[in-house]
Every structure is written in structure tokens, then in C-alpha cells.
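**Student:** The structure's right below; bear with me while I get my questions together.
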Amino acid sequence: MSAAGSVTAIAHANIALAKYWGKADAASNMPAVPSLSLTLAALRSTTTASADPGLDTDEITLDGAPATGRARERVVRLLDELRALTHSGARLRVRSHNDFPTAAGLASSASGFAALALAGAHALGTPLPPATLSAVARRASASAARSLFGGFVALRLGAESAEPVLDGAAWPLAMVIAVTASGPKSVSSTDGMGHTRATSPYYPAWVAAAPALFAEVERAVLARDLEALGAATEQSALMMHASMFAARPALVYLTPATLRAMERVRALRGAGTPAFHTMDAGPHVKVLCEARAAEAVAAALGAVEGVERVLVSGIGPAAHLVEGAG
Ligand code: PMV
């Protein structure tokens, strides 16, 4: 087929309220637990893809540098899947960058693979439905399945694709991200999940408990009940981290600054501001609160020792194209 032109897609990062940690099947990258996330307006990946008949391999540039090793393999594997689905043999030139500081150590795989799936399919000349793109992104990084959609998004147990649960406009919440000083070199989520599953006696307990927590998170979102959502969100993250603490050797992403920021969130709550913490495979603390409380929450977190910077985000939209295809 002929080149379909250059296409640019934007996808937003997401933070899970009901966490995904653990794979039921590594080959299909199927999660062992359901998850539910909030898409974030302030953190975006922008990816441009173009089919070039002159290329015999994909040419991939991530944040200004040619992709190599495992990062390149994961991108090429996703593009191979798109080629199979679109019946195209074209090689692509791909450029992707994140508009949030990579130095902040915030995961970019979710927004990156979601933007890649959308831009790639259009560059190959065959737009695919969001559910198909979500399944393609899930196989690269399960959290990426959720970044195809805006607002509150579920990836149900055993589902190929994520699905929207509630539009962001229906409930004006915010996420305040306290970026803490980085600790020791972090372990990738794939490696961390594998290690937890293989060595932690608490892993089966986490997998058994996660569906009920997911259901609680979903019910709270649909009822727009922040207290109930916050309680389930905090338990989901802490239960996930407890499963890692019990691994051998222990997998500890949390640092003293993480614990101090969590303490500050509890103090805010004690003083009457509904605010709830969650942490992923890193030391940063993400705080869920009402949009109107976000600036006060950000100021409180900014004053915590070891917090290097604070980002405030509203709820983000679905992945979308910013230039016409073809
Ligand atoms: O999609 P992955 O492999 O980057 O894993 C994401 C895992 C967590 O961020 C810790 C939780 C989640 O559900 O996003």
C-alpha cells in the first residue's frame, strides 16, 4: 500500500485508583486483577507516525533519541500487531515525546503506547475502533489500554480492552502529584510484578482481594462518593505495596519522603479536606481531591521535606488525533 501521510496523536497518562499488579498470563499480557483509573489532563504523550516506502525497518525516536533494546522491541512488536490488523507491510517513522518531565520519573508507558497505537493505525491507512486500539495497547503495557479513553476508565478482569466508566466532566476531581526525590534505581513494573508473583506469599491474597476493591471503586465513582472512593483507592495501593514488601528480596518503591507525603495527606483529611493518596511503581505520591481543593493540597504537599515539585492535573480526555490522517 502507499504511504498514508503523517499522523499525530495525543494520549494522556492515567493513574489507577484500583491498581493493576500482576499478570495472569505473561504471553498475552493479561492482568490477574481488574483495574480502574483516572485519565490526567496535565500529562501527555504526543506521537507522530508516517509510513515510508523507503524504510526497511521502523525508525523510532523517543524523547529525541533513537530507541534501542527493550524499548525499541516493545514499540516494534506493537507496530507488527497493527500491521497484521491493517494488512499492511509498511514500515513507519515514529517520533514520540512526553510533555511531562521524564526526570520526574513518572511512568510514560501508558500514554506513550496509547498514542502509538492511535497514530500507528492511522499512518498505516486503516483507522481501528478505540476498543481494538485499547487491546493492542494492553498487550504492550496493560495500563496503556486505559489511556485510550478519558475520564474514569475500567480494565475488567479477563477483558481484552478497557472501557470508559464515567465522563470526567461528570465529576470535577483533581490529582495532585508530589514528585519526591528519586530513591535507588527503580525496578520496571513487569519485572516487579513477576518477582512479586514468584516470591511473595501475600500475592495470592492481593489477587483474591482486588476484585472486591475494584467493585468498590467502581461503585464509588458511579455514585460520585469521594469518601468511599478515597478509602478504596488508598487500600488498593497499600495492599499492592504490601504484596511487594512480602516478596524476597522485598520490593520497596516507597521512600521516607513518600511516607511523609502520605502523612501530610492524612493530616489534611484530619483538618477537613478530603484528600486520598495512591502510589505506583515509584516513590511519588498522587493525591485525589476535589478540583477546588487542589491548590491548597498542592501547597501542603510542596512544603513536605523531600518533595521536589508538585504537579496539579484535572481529568483528561480520550486519546485523539491532532492532524488529519493522510
Ligand atoms: O502497565 P504497566 O506494566 O506499566 O503497569 C502499571 C502498574 C501500576 O502503575 C503500578 C498500576 C496501574 O494499574 O497502573
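**Student:** Across the range 234-272, which residue is nearest to the chain's Cα centre (by Cα) among those that are within 13 Å of the ligand (Cβ to nearest atom) and among the aliphatic types (A, V, I, L, M)? I'd like the intermediate steps shown before the answer.
**Tutor:** Keep residues of the range 234-272 that are within 13 Å of the ligand (Cβ to nearest atom), which gives 236-241, 243-244, 251, 253-254.
From what's left, among the aliphatic types (A, V, I, L, M): 237-240, 244, 251, 254.
Working: 237: 14, 238: 17, 239: 18, 240: 15, 244: 19, 251: 20, 254: 18 Å.
By that ranking, first place goes to 237.
**Student:** So if I check each of 212, 142, 154, which one is farther than 29 Å from residue 79 by Cα and hydrophobic (A, V, I, L, M, F, W, C)?
**Tutor:** Details: 142 fails: farther than 29 Å from residue 79 by Cα; 154 fails: farther than 29 Å from residue 79 by Cα.
Of the residues listed, the single one that is farther than 29 Å from residue 79 by Cα and hydrophobic (A, V, I, L, M, F, W, C) is 212.
**Student:** A further question follows. Check whether at least one residue in the range 52-62 is surrounded by 20 or more Cβ atoms within 10 Å (Cβ to Cβ) and away from the ligand (no atom under 16 Å from the Cβ), and report yes or no. Walk me through how you get there before you give the answer.
**Tutor:** Restricting attention to the range 52-62, the residues satisfying the condition of being surrounded by 20 or more Cβ atoms within 10 Å (Cβ to Cβ) are 58, 60, 62.
With the extra rule that they be away from the ligand (no atom under 16 Å from the Cβ), the set shrinks to 58, 60.
Looking for residues that are surrounded by 20 or more Cβ atoms within 10 Å (Cβ to Cβ) and away from the ligand (no atom under 16 Å from the Cβ), one finds at least one in the range 52-62, hence yes.
**Student:** Could you say whether any residue in the range 285-303 is buried (at least 17 other Cβ atoms within 10 Å of the Cβ) and in a loop (DSSP other than H, G, I, E, B)? Explain how you work it out, then say what you get.
**Tutor:** So in the range 285-303, the residues buried (at least 17 other Cβ atoms within 10 Å of the Cβ) come out as 285-289, 293-294, 297-298, 300-301.
So of that shortlist, the ones also in a loop (DSSP other than H, G, I, E, B) come out as none.
So far as the range 285-303 goes, no, none of its residues is buried (at least 17 other Cβ atoms within 10 Å of the Cβ) and in a loop (DSSP other than H, G, I, E, B).
**Student:** Given 249, 256, which one is more than 21 Å from residue 190 (Cα to Cα) and in the same structural domain as residue 200 (by TED's automatic domain parsing)?
**Tutor:** On inspection, the qualifying residue turns out to be 256.
**Student:** When you scan the range 172-191, do you find a residue that is modelled with pLDDT of 95 or more, farther than 30 Å from residue 307 by Cα and of a type in the set (A, V, I, L, M, F, W, C), even just one?
**Tutor:** The answer is no, given that none of the residues of the range 172-191 is modelled with pLDDT of 95 or more, farther than 30 Å from residue 307 by Cα and of a type in the set (A, V, I, L, M, F, W, C).
**Student:** Further question on the same structure: Please pick out the residue among 240, 244, 193, 279 that is outside the structural domain of residue 28 (by TED's automatic domain parsing) and more than 17 Å from residue 31 (Cα to Cα). Outline the logic, then answer.
**Tutor:** On the way: 240 fails: more than 17 Å from residue 31 (Cα to Cα); 244 fails: more than 17 Å from residue 31 (Cα to Cα); 193 fails: more than 17 Å from residue 31 (Cα to Cα).
Step by step, each of 240, 244, 193, 279 is checked, and only 279 is outside the structural domain of residue 28 (by TED's automatic domain parsing) and more than 17 Å from residue 31 (Cα to Cα).
**Student:** Sticking with this one: Go over the candidates 44, 70, 74 one by one and state the one that is within 16 Å of the ligand (Cβ to nearest atom), within 21 Å of the chain's Cα centre (by Cα) and at pLDDT 95 or above.
**Tutor:** 74
**Student:** Could you check the range 128-140 and list, in sequence order, the residues that are in contact (Cβ under 8 Å) with a residue 12 or more places away in the chain and surrounded by fewer than 24 Cβ atoms within 10 Å (Cβ to Cβ)?
**Tutor:** Looking only at the range 128-140, we keep the residues that are in contact (Cβ under 8 Å) with a residue 12 or more places away in the chain, and these are 128, 130-140.
Of everything in the range 128-140, those that are in contact (Cβ under 8 Å) with a residue 12 or more places away in the chain and surrounded by fewer than 24 Cβ atoms within 10 Å (Cβ to Cβ) turn out to be 128, 130, 131, 132, 135, 139, 140.
**Student:** Here is a further query. Tell me the residue from 90, 42 that is open to solvent by 10 Å² or more (accessible area, probe 1.4 Å) and in contact with a Phe, Trp or Tyr (Cβ under 8 Å, 6 or more places away or on another chain), please. Please lay out each step first, then the result.
**Tutor:** Numbers: 90 fails: in contact with a Phe, Trp or Tyr (Cβ under 8 Å, 6 or more places away or on another chain).
Only one candidate passes the filter, namely 42.
**Student:** Further question: Does residue 35 qualify as being closer than 30 Å to residue 204 by Cβ, within 16 Å of the ligand (Cβ to nearest atom), among the polar types (S, T, N, Q) and open to solvent by 10 Å² or more (accessible area, probe 1.4 Å)? Talk me through it step by step, then tell me what you get.
**Tutor:** Details: closer than 30 Å to residue 204 by Cβ: yes; within 16 Å of the ligand (Cβ to nearest atom): yes; among the polar types (S, T, N, Q): yes; open to solvent by 10 Å² or more (accessible area, probe 1.4 Å): no.
Against the criterion (closer than 30 Å to residue 204 by Cβ, within 16 Å of the ligand (Cβ to nearest atom), among the polar types (S, T, N, Q) and open to solvent by 10 Å² or more (accessible area, probe 1.4 Å)), residue 35 does not qualify.
The values are calculated or read from the model by the stated rules, or taken from the named source; none is laboratory data. Everything numeric in this text was worked out from a predicted model, so none of it was measured. Counting neighbours? That spans all protein chains shown, and the Cβs are built from the backbone with ideal geometry, glycine included. Keep in mind that these areas ignore ligands, DNA and RNA; they rest on the heavy atoms of the full protein, side chains included. Shrake-Rupley method; radii C 1.70, N 1.55, O 1.52, S 1.80 Å.
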